[in-house]
1. Please work out the Cα center distance from the stretch 76-138 to the stretch 26-42, rounded to the nearest Å.
2. Scan the chain and note any complete DSSP helix (H) whose C-alpha atoms cover at least 18 Å along its axis and whose Kyte-Doolittle average is -0.5 or more.
3. Quick check on packing: order 159-166, 191-198, 207-214 by the mean number of other C-beta atoms within 10 Å, highest mean leading.
4. Please work out whether the chain counts as rounded, prolate or oblate from its C-alpha gyration tensor, where a ≥ b ≥ c are the square roots of the eigenvalues and a/c under 1.5 means rounded, while otherwise a/b larger than b/c means prolate and anything else oblate?
5. Go ahead and estimate [θ] at 222 nm for the chain from helices alone: -39,500 (n - 2.57) per DSSP H run with n ≥ 4, summed, over the residue count, rounded to 500.
6. Between their Cα atoms, which of Lys102/Lys231; Lys59/Lys254; Lys59/Lys231; Lys6/Lys254 are more than 32 Å away from each other?
Amino acid sequence: MAVIYKDAWEIDIMRQAGRIAATTLQALVRMVAPGKTTGELDRVAEEMIRGAGARPTFKGYRGYRHTICASVNEEIVHGIPSDGRVLKEGNILSIDIGATYKGYVGDTAITVPVGRVSAGATKLMEACQGALEAGIAQMNPGKRLVDVSRAIEQYSTERGFSVVRNYCGHGVGRDMHEDPQVPNYVDPNLPYLSMELRPGLVLAIEPMLCEGTYRTRTLGDQWTVVTADGKLSAHFEHTIVVTQEGHEVLTSLKP
Ligand code: MF3
Ligand code: CO
Ligand code: CO
């Protein structure tokens, strides 16, 4: 494992990459409504990212051809945007987006309702956002990576949801996926989880929560990951840097 710590100059670029990803994601969220297609969202995302002088990180990654991942209902992550995928009232939609600016990546995701959704779906989305916030709250110097994983797992299971194990958060920088992997549960088989968090560590934290089983299945398109039982799943993600004082969320639009 080779963790790449970032200096202040690199963090400044990553702040800009993060802001481009976050601004674009916010615009997409405002477009979400019954009747929209995930293909439309993808085109707007690419235009906005390029308009900001950045590049869609996902495009070309392992042969992926789009700017966003758009995952509906039981789709957990890596849903492929399509003009044939029409959003319907009651759906929940996860949008994951990456922007590469001056060589550095911002990676962020959100799950939002399409029109009015069930109380159960709302609870799931709120728990997933809360789990992300609980993980972020641990990202301070002196804490250990396992504290992040544990906080996410505890927050989620206390609320009755399972946490996906086959996909993880990750270091992020020049590459979208750098070391270390950040599981959303405590895995006693990963000794590196005891590593201390120190300033300059940049992580993409991304809990994926499920109503039912955490087991996953990949569809025939070789990308779309769904819950094995067909129940709902949510996904939230931020790119965060550990600082001397604590941490800074690089993909947040909050001041
Ligand atoms: N952004 C995703 C993650 O959070 C990875 C997307 S894979 C891609 O790690 F192929 F769509 F780019
Ligand atoms: Co992502
Ligand atoms: Co990520």
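Each reported figure results from applying straightforward, stated rules to the coordinates on display, with no laboratory input. Owing to the predicted nature of the structure, the values given are computational and were not obtained by experimental measurement. No Cβ is skipped: glycine too gets one built from the backbone with ideal geometry, and neighbour counts run over all protein chains shown.
1. 12
2. Values: long enough: 8-31 (35 Å, 0.33); 38-51 (20 Å, -0.59); 119-137 (27 Å, 0.58); 145-158 (20 Å, -0.26).
Helix filter hits for the chain: 8-31, 119-137, 145-158.
3. In descending order of packing, they fall as 207-214, 159-166, 191-198.
4. Numbers: a/c = 1.70, a/b = 1.17, b/c = 1.45.
Note, shape of the chain comes out oblate.
5. The helix contribution divided over the chain gives -9500 deg cm²/dmol.
6. Lys102/Lys231
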